[in-house]
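In what follows, a structure is listed as structure tokens, so that the remarks can point back to it.
The values are calculated or read from the model by the stated rules, or taken from the named source; none is laboratory data. These figures come from a predicted structure and were not determined experimentally. Cβ: placed from backbone, ideal geometry, glycine included. Neighbour counts: every protein chain shown. Side chains included, ligands, DNA and RNA excluded: accessible areas come from the protein's heavy atoms. Shrake-Rupley method; radii C 1.70, N 1.55, O 1.52, S 1.80 Å.
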Amino acid sequence: MNVLTQSGASRPGVVPGQPAVVAEGVVKRFGATLALDRFDLVVPEGTVCGLLGPNGAGKSTAVRILSTLLRPDSGRASVAGFDVVRDPVDVRYRIGLAGQQPAVDDMLTGRENLEMFARFYRLGRVAARRRAGELIDQFDLADAADRRPKGYSGGMRRRLDLAISFIMAPPVLFLDEPTTGMDPGHRLEVWRGVRSLVAEGTTVLLTTHYLDEADQLADAITVIDGGRVIAQGAPEELKSMLHGDRIDVLVDEIADLDVVARLLADVTGSAPEVRPEGRRVSVPAMDRVAGLARVARALDDARIEVRDIALRRPTLDEVFVRFTGKDRA
Amino acid sequence: MTTITIPRTRSERLRAAMSDAATMTRRNLSYWLRSPEEMIGALAFPLISVLLFGYVFGSAMVVPGGADYREYLMPGLFGMTMMFGLVNTISAVATDRERGVTDRFMAMPISSSAILAGRSVTDIIRASADLVVLLGCGYLVGWRWHGSVWEALAAVGLLLLLRFALIWVGIYIGLVLRSPDSAAALYPLVLPFAMVANTFVPPALMPGWLGAVAEANPMSSTVAATRELFGNPAVPGDSWLAEHPLPLAVGWPLLLLVVFVPLAVHRYRRARR
């Protein structure tokens, strides 16, 4: 059941015809806490699934069950076509896991880390060295290759961690909050790394509480809260569930917010949402551009100066707030 | 071309486990060999112990029977070093667990037994190095063995057997603790185990109840047996425990192994669930 990768390597693959990841009615309890409550998920091969939810939603528990680190109390889960409880070894040969904190060895250089983990997949000494070299190129780790992780930036440490999880080019990769606590430049580096894996046909399940990350990387998003799936779909589908576009008005002075809100309510006939922290008022744009024109005219007639008026698609932030009832953590 | 195949037959699986244990041992040893503070500690601790206990305490100590205190002391320090090694094991296991390295290993196709074997082989190598340094320090301050080479090797064997049992105690505690900080906090708790024994003072000279506790300390049996095998001065006690050091120096570690190997393996497997 081995498959050939682009680089000509042969490694265990997904059972043909099976989805890369399946969870059916998975329940996991920790004492009195219900971490996962009949959790369902299907990730087709070759896609990126974003598992989105606030802290404590059960994202990491789901990843730990799918990567054979935890057993479900009930329900069923399989990865690459193998049951995580009955055939954990077959699963482990087909997954890569990058957990919440980068698990690299601080006493070994970047190259030695890669070679050591490659040896655990029983690559010979020569093959391990060659594979380490390939990964150093692929993940842009030349600067890290001969230094120990102590002096790395957060982004470089995470890239080494990703490279380790990708040693045997696993068909399924789990990334648990890959960019948490990272500055924007480093996040872009990691996203680039993830995209290069996806281009090779790897199926990725990534958890995140950054909405833009899911929006950027995922083909499908599953929103979970309190261990339950509360919404599922492509990013665009989730956004359209919020009933279309919105008109955003950005004001210069906080004091203008109320006046603008009243005016928008009059013009559009629906209740505006006011966000004082962003000096922003937004309303649903029922008839899109015509509505935008009416709002602009009304503002002009009332001689209210605003900084910006825009028609936009709802953000995943709004999806998230709508489904979880919480502002993002 | 890189090919990864899954070991299926019993012999393939055994070969894979051996290879993993060897890789794990090399990895663990590099942690020890590459951290200067650990290396300095490993060399300084025996030297300082010998000087401190041998000369500072030793000048006030009189061994009943008039023997040289440093001859009496050295087997005690051998035993104590084996005891303190426990904290190293706990701290290494807890550190890997906290940093997520254990999770990574467990999500990889590495058998639990290879991970545990790698840990215990590493720590035995390390304990042997500790012993060699300590034997050298002892030699410098006038300690000698007086029996045959075989008896000396048997003494070293018993010390390593105790350490081997304590490795499994350490793996279990390290998995339970999960945090290397709490491992460091264990030093003061290990201290009484190393001191309430025949390490520095014969239990016969302690208050009755304390002497009884000291004699029941597994380390006392190992130290007493070591004194006997090296031909170093001993102060005989009259309890049953004190009169049978050799069988007890084998029996206590075996008992610890019987209890803690299953506990450690169970805890490891449970960590995987």
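Do you know which of the residues in segment A:132-149 that are open to solvent by 20 Å² or more (accessible area, probe 1.4 Å) and under 22 Å from A:Val198 (Cα atoms) is nearest to the other protein chains (Cβ to nearest Cβ)? It would help to see each step written out before you state the result.
Of all residues in segment A:132-149, those open to solvent by 20 Å² or more (accessible area, probe 1.4 Å) come to A:133-134, A:137-138, A:140, A:142-143, A:146-148.
Add one more test, that the residue is under 22 Å from A:Val198 (Cα atoms), and what stays is A:133-134, A:137-138, A:140, A:142.
Numbers: A:Gly133: 12, A:Glu134: 9, A:Asp137: 15, A:Gln138: 14, A:Asp140: 21, A:Ala142: 21 Å.
The selected residue is A:Glu134.
Does at least one position in segment A:289-303 carry a residue that is within 24 Å of A:Asp212 (Cα to Cα) and either not hydroxyl-bearing (Ser, Thr, Tyr) or not assigned by TED's automatic domain parsing to the domain that holds A:Thr208 (or both)? Break it down stepwise before answering.
At the first step, the residues of segment A:289-303 found to be within 24 Å of A:Asp212 (Cα to Cα) are none.
No, there is no match, as no residue in segment A:289-303 is within 24 Å of A:Asp212 (Cα to Cα) and either not hydroxyl-bearing (Ser, Thr, Tyr) or not assigned by TED's automatic domain parsing to the domain that holds A:Thr208 (or both).
On the given criteria, is A:Asp105 loosely packed, with under 15 Cβ neighbours inside 10 Å and within 13 Å of chain B (Cβ to nearest Cβ)? No, not satisfied. Scanning segment A:241-292 for residues that are among the charged types (D, E, K, R) and touching a Pro at 6+ places or on another chain (Cβ under 8 Å) yields A:Asp245, A:Arg246. Taking the criterion of being crowded, with 18+ Cβ neighbours inside 10 Å, among the hydrophobic types (A, V, I, L, M, F, W, C) and in a helix (DSSP H, G or I), the residues of segment B:181-211 that qualify are B:Ala183, B:Ala194. Can you spot a residue in segment B:40-47 that is out of contact with any strand residue (DSSP E or B) (no Cβ under 8 Å at 6 or more places or on another chain), under 26 Å from B:Ser220 (Cβ atoms) and either crowded, with 22+ Cβ neighbours inside 10 Å or at the interface with another protein chain (Cβ under 9 Å from one of its Cβ atoms) (or both)? Among the residues of segment B:40-47, at least one is out of contact with any strand residue (DSSP E or B) (no Cβ under 8 Å at 6 or more places or on another chain), under 26 Å from B:Ser220 (Cβ atoms) and either crowded, with 22+ Cβ neighbours inside 10 Å or at the interface with another protein chain (Cβ under 9 Å from one of its Cβ atoms) (or both), which makes the answer yes. Within segment B:234-256, the residues that satisfy the criterion of being open to solvent by less than 30 Å² (accessible area, probe 1.4 Å) and farther than 13 Å from B:Arg163 by Cα are B:Gly237, B:Pro245, B:Leu248. Segment B:61-155 holds helices (runs of 4 or more DSSP H) entirely within its bounds, and those carrying 3 or more residues that are touching a residue at least 60 places away in the same chain (Cβ under 8 Å), of a type in the set (A, V, I, L, M, F, W, C) and open to solvent by less than 20 Å² (accessible area, probe 1.4 Å) map to B:69-98, B:112-140. Just so you know, in segment A:68-99 the residues that are assigned to a loop (DSSP other than H, G, I, E, B), facing chain B (nearest Cβ under 7 Å) and under 22 Å from the mean Cα position of the chain (by Cα) include one that is surrounded by the most Cβ atoms within 10 Å (Cβ to Cβ), and it is A:Thr68.
Of all residues in segment A:113-126, those being facing chain B (nearest Cβ under 8 Å) and open to solvent by 30 Å² or more (accessible area, probe 1.4 Å) number 2.
Per-residue answers, yes or no, for (1) closer than 30 Å to A:Leu135 by Cα; (2) open to solvent by less than 40 Å² (accessible area, probe 1.4 Å); (3) within 15 Å of the chain's Cα centre (by Cα):
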position: A:Thr179; (1), (2), (3): yes, yes, yes
position: A:Glu189; (1), (2), (3): yes, no, yes
position: A:Arg192; (1), (2), (3): yes, no, yes
position: A:Arg246; (1), (2), (3): no, yes, no
position: A:Asp252; (1), (2), (3): no, no, no
position: A:Ala261; (1), (2), (3): no, yes, no
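Taken together, A:Ser240, A:Ser270, A:Ser282 contain a single residue that is of a type in the set (S, T, N, Q), open to solvent by less than 40 Å² (accessible area, probe 1.4 Å) and at pLDDT below 80, which is A:Ser270.
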